[in-house]
Amino acid sequence: YATAGEASPAFRVTASQSKERVRLFSSGDLNLLISTAVAEEGMDVPAANCIIRFDPIQTPVSLVQGRGRARQQASSFVVLEERHDRSLSMLASAEDTQVNLLKNHSADIVASSQSESEKKKRKIAQTSRERSAFQFLSSFSSASSSSSSSNATARVKQFCIKADREVLEVIKHDKAGGGGPMFCATITIQGVPNDEGGAMMMMGMIRKEALATTKQAAKTAAYELALQDLLAEGKKRNLI
């Protein structure tokens with residue numbers, strides 16, 4: 001995403017091309033977006049898992065907006081260069097001050113400041129991500145004659161990455177087990193915040209439990225149950 005200038009005539013991109021590339025990135029068809037600082041605000045892009053800043057960050061606001069694009073779980077924010085008079089630690093300190101100020105505002109005030117058009121755009125983007133994720137499950141099922149236990153875990157985790165959803169694993173010893181040690185695995189698929197206003201739940205939370213004599217067997221069984229629920233959900237919403 002670039003605009004032609006005296007120093008970069010080869011980077012000429014029309015407005016329609018820019019919009020199309022942002023759309024492809026938002027839908028998940030493209031996984032890399034190169035942009036000027038305009039990406040900090042004014043562009044509707046989904047939560048990214050890695051942001052790399054090549055130029056020095058000029059202001060605390062720029063730091064907050066840049067980091068705000070890396071909203072996926074376990075995401076990375078990399079700064080390759082900084083100003084001597086505005087080090088990253090100084091900007092981060094200012095960011096902490098801004099965050100604390102924001103926390104003092106009620107959720108109702110933040111929500112009321114969002115326009116309906118912004119909410120609609122985020123909903124469309126999340127729906128697009130989920131459609132792509134369900135299509136992934138559909139194509140995988142078509143290529144395989146069965147949902148074998150060896151790939152159920154990988155399929156569910158890949159779905160969650162594509163759909164921007166968090167998956168939680170809890171495995172504990174089940175004391176109620178009768179003829180030997182038993183383990184209970186709980187797999188929970190839930191929504192993740194897509195903006196500061198709160199979570200945007202496009203589909204209900206999925207939680208599955210399974211018992212087995214080993215931790216791995218219990219975990220695999222729980223993921224298989226979660227996968228079946230996802231497939232059923234996709235068919236119910238006509239996305240598979």
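The values are calculated or read from the model by the stated rules, or taken from the named source; none is laboratory data. As the structure is a computational prediction, the values presented were derived from the model and not from experiment. Positions of Cβ are backbone-derived with ideal geometry, glycine not excepted, and every protein chain shown enters the neighbour counts. For accessibility, only protein heavy atoms count, side chains too; no ligands or nucleic acids. Shrake-Rupley method; radii C 1.70, N 1.55, O 1.52, S 1.80 Å.
3J(HN,Hα) along segment 209-224: 10, 8, 10, 7, 7, 10, 4, 5, 5, 5, 4, 4, 5, 5, 5, 5 Hz, from the Karplus curve 6.51 cos²θ - 1.76 cosθ + 1.60 with θ = phi - 60°, whole Hz, x for Gly and Pro. Calculated FRET efficiency, residue 116 to residue 213, Cβ-Cβ distance, R0 = 51 Å: about 0.45 to the nearest 0.05.
Residues of segment 214-235 with the amide nitrogen closer than 19 Å to a label point 7 Å from the Cα of residue 138, along Cα-to-Cβ, please. Label zone hits: 227-235. Maximal additional length on extending the residue 154-residue 190 stretch stands at 11.3 nm, based on 0.36 nm per residue less the C-alpha distance. The H on the amide N of residue 51, modeled in the peptide plane, is under 5 Å from the matching H of 76, 77, 78, each at least 5 residues off or on a different chain. For the listed residue pairs 172/215; 121/235; 19/121, the alpha carbons are over 20 angstrom apart in 121/235. The length gained by stretching the chain between residue 127 and residue 82 to full extension, at 0.36 nm per residue less their Cα-Cα distance, is 12.5 nm. For the peptides 119-125, 165-171, residues were scored by their other Cβ atoms within 10 Å and the scores averaged per peptide; the highest-first order is 165-171, 119-125. Going by accessible surface with a 1.4 Å probe and the largest first, 12, 53 read 12, 53.
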